[in-house]
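Participant: Structure incoming, see below.
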Amino acid sequence: MALNLSQKQEVIAELAEVASKAHSLVAAEYAGTTVSQMTAMRKKARETGVYLKVVKNTLASRAVTGTEYDSVKDVLVGPLLYAFSMEDPGAAGRLIKDFAKGNDKLQAKVVSIGGKAFPGTHLDVLASLPTRDQALAMLARVLAEPASMFARAVKAVGDKQGGGEATTEAAAETA
């Protein structure tokens, strides 16, 4: 079904808005993917905060102009599926990687994050990025480590001086 001019403008505006808010982009070749596979992928995309769209490359190219995904315009060739990570940067990479395991026809062509375009072989790198919750947990561990090291040092000094129990309680209160 061919789109008229106003429909094309709506698609471009919608994609441009998505691209301006997205954390990363994966453009993947999907020729040979079945309808049921695409339906399952779309369902999983909604659950994981990934905006998934099949659109003509000329429209996608116009939509990403002026966004951090401007660098991918030159490699948008062939039937492509566009997956934008809206919540965490690695979500689109994980989605495409997971579905490519069961479908050898689904192959990442370009990966983009931080204003740079990378070949599809970088999909594993993008997919390995931590989720927001994982990143926050890592940050909490890093922030908590100095306090626990300080408490252990104070306890060790107190143990050497022989006032073990009282000093340990004081160290625990300061930590």
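Participant: What percent does the relative contact order of the stretch 1-94 come to when contacts are Cα pairs within less than 8 Å and at least six residues apart?
Facilitator: 45 percent
Participant: Another question, then. Treat the count of other C-beta atoms within 10 Å as a stand-in for reagent exposure and order LEU129, LEU81 from fewest to most.
Facilitator: Ordered from fewest to most neighbouring Cβ atoms within 10 Å, LEU129, LEU81 come out as LEU129, LEU81.
Participant: Taking R0 as 22 Å, what's the FRET efficiency between THR65 and GLU10 from their Cβ-Cβ distance, rounded to 0.05?
Facilitator: Working: r = 16 Å, r/R0 = 0.75.
E between THR65 and GLU10, to the nearest 0.05, is 0.85.
Participant: In addition: Could you tell me which of the pairs LYS8/LYS43; LYS53/LYS105; LYS53/LYS109 are separated by over 19 angstrom between their Cα atoms in the structure shown?
Facilitator: Details: LYS8/LYS43 25 Å; LYS53/LYS105 17 Å; LYS53/LYS109 15 Å.
Violating the 19 Å Cα-Cα cut-off are LYS8/LYS43.
Participant: Then there is this: What value, in deg cm²/dmol to 500, does the helix sum -39500 (n - 2.57) over DSSP H runs of n ≥ 4 give at 222 nm once divided by the residues of the chain?
Facilitator: One gets -17500 deg cm²/dmol as the mean residue ellipticity at 222 nm.
Participant: Something else now. What net charge do the residues around LYS56 carry, taking every other residue with its C-beta under 11 Å from that of LYS56, with Lys and Arg at +1 and Asp and Glu at -1?
Facilitator: +3
Participant: Moving on to the next point. Would you mind computing Rg(Cα) / (2.2 N^0.38 Å) for the chain, counting N as its residues? Walk me through the intermediate numbers first.
Facilitator: Details: Rg = 24.0 Å, N = 175, 2.2 N^0.38 = 15.7 Å.
Scaled against compact globular proteins, the figure is 1.53.
Participant: If you don't mind, there's one more thing I want to ask. Hey, with R₀ at 25 Å, roughly what FRET efficiency would LEU3 and GLU87 work out to, going by the Cβ-Cβ distance, to 0.05?
Facilitator: That pair, LEU3 with GLU87, gives E of 0.30.
Participant: Quick one: compute the contact order of the chain, relative version, from alpha carbon pairs under 8 angstrom and 6+ residues apart, as a percent.
Facilitator: Values: 257 pairs, mean separation 43.2, N = 175.
Result for the chain is 25 percent.
Any read-out appearing in this document is the output of simple, stated calculations on the displayed coordinates, not a laboratory observation. None of the values given here were measured: they were computed from a predicted structure. Ideal geometry is used to build each Cβ from the backbone, glycine not excepted, and the neighbour counts take in all protein chains shown.
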